[in-house]
Amino acid sequence: MANNTTKGLWALSPLAVFLCLYLVTSLVAGDFYKVPIAVAFLAASAYAVLITRGMKLSERVERFSAGAAHKNIMLMIWIFVLAGAFAASAKEMGAIDATVNLTLRILPDSLLLPGIFIAACFISLAIGTSVGTIVALVPVAAGIAQQTGLDVALMVAVVVGGAFFGDNLSFISDTTIAATRTQECDMRDKFKVNSMIVGPAAVAVASIYLLESLSVQIPVQTEPVEWVKVLPYLVVLGTALAGVNVMFVLVIGLVATGVAGLLTGGFGLFGWLGAMGGGITGMGELIIITLLAGGMLELIRLGGGIDYVITRLTNRVRGKRGAELSIAALVSIANCCTANNTIAIITVGPIARDIAVRFGVDPRKSASILDTFSCFVQGLIPYGAQLLIAAGLTALSPLEIMRYLYYPAMMGFFALLSILLRYPRRYS
């Protein structure tokens, strides 16, 4: 037993190296984005290759490469490439501005806060990124707050909370892609389960905002809605909800974006191609991190590290409830350490899949747990990208915004209830 424990801990040591290089160094530097996460993963991966026993160096590199080139990893990368191209081309042709104008134009005057929250939910669901939603809506929300006398931090928190709704549920969100690929389930099925868990949380938060905004008026004038520029997002949502393969969904979205951009003069042919190229390039770090994480985890698995974690984490688990709680704990801890919900899912996803298989957890439920708890933690850490960007756009402190950040907390609460109360029953 002692030998197995030593072997398991030794196999897991690359994760400790990564955490020390990234988390500890960031704490010392006082900036969680000072140390490039790709560099930390590179060093940890090199260390993993060096400490793997029983094989020649060339064989270790081959096993590392095999892990990086696993079919799930590669499919995830192709989706990242298409998602980056679509998001960038949609932004370049003005689709984000058009979608913002549409959502703001339909808001009733007496429903300011819930309306902004719903707008952020819709936009983040359409574009699949919380950061993009925050960049688009936070300046507008801050301006509304200044004109209505509302607390700017409250308005910003409404947007940030809604942004996490889509980050958790969107078919083109990288967290959804990572969760479904690591758990080997269909995106549409995960969406159904996930929406049952967080839907009540969104309704509860919208109700709170409704009570807070009954006496508020909206003195905001929006630009005319350019409906043609909204169509690419509607096409992506419609085809995704219809069950079309996600890669085909993104290809259709790219074509729709190009056609709409060319018809409206949003860009020319070369502008469209340039935007797609920039979007693909922008996904480069995430792709590299995904490859390094896949290879490192393969060597950890080969050394018995993953079996050790599963054994230690589940040695007192007696059923699905304990297994689901352990998955939630895994991704939450990883997210606190990496400050990136996608990377947290990629890092612990294979371990969560093994736990799910061993205890009979529905992969749709395990994918939902991974995605929801990672977004929950990401929304409540002051050094996460979303809060830092929102704070930077408004000259606020992340802690000021966190006081009003209801949705991530409510999302985590309902996710925990779904585990404890075995809900949704069909998938539990």
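The values are calculated or read from the model by the stated rules, or taken from the named source; none is laboratory data. All values reported here derive from a predicted model rather than from experimental measurement. No Cβ is skipped: glycine too gets one built from the backbone with ideal geometry, and neighbour counts run over all protein chains shown. For the accessible areas, the whole protein counts, side chains as well, though only heavy atoms, and no ligand, DNA or RNA atoms are used. Shrake-Rupley method; radii C 1.70, N 1.55, O 1.52, S 1.80 Å.
Numerical summary
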{"item": "Accessible surface, the chain, averaged per residue in Å² (probe 1.4 Å)", "result": "41 Å²"}
{"item": "Selected from V246, V156, V28 as most flexible by GNM, with the chain as the system and alpha-carbon contacts under 10 Å", "result": "V28"}
{"item": "Spin-label model distance (nm) - Y423 vs V24, 7 Å beyond Cα toward Cβ", "result": "4.3 nm"}
{"item": "Using θ = phi - 60° and Karplus 6.51 cos²θ - 1.76 cosθ + 1.60, couplings along segment 400-412 (whole Hz; Gly, Pro as x)", "result": "5, 6, 4, 4, 10, 7, 6, 5, x, 5, 5, 4, x"}
{"item": "The chain, accessible surface, carbon-and-sulfur percent (1.4 angstrom probe)", "result": "65 percent"}
{"item": "Cβ-based net charge around V158, under 12 Å, with every Lys or Arg adding one and every Asp or Glu removing one", "result": "-2"}
{"item": "Separation in nanometres of the label points that stand 7 Å from Cα toward Cβ, at R318 and R403", "result": "4.5 nm"}
{"item": "Inter-probe distance in nm under a simple model that places probes 7 Å from Cα toward Cβ, at R53 and L9", "result": "1.4 nm"}
{"item": "For segment 73-192, with +1 on Lys and Arg beta carbons and -1 on Asp and Glu, the positive-most of T180, A157, F122 along the dipole", "result": "T180"}
{"item": "Entries in K7/K365; K71/K192; K190/K320; K34/K190; K71/K190; K192/K320 that, when Cα-Cα distance is taken, lie over 28 Å", "result": "K7/K365; K34/K190"}
{"item": "Over 11 Å [Cα-Cα, segment 110-158], rounded percent", "result": "65 percent"}
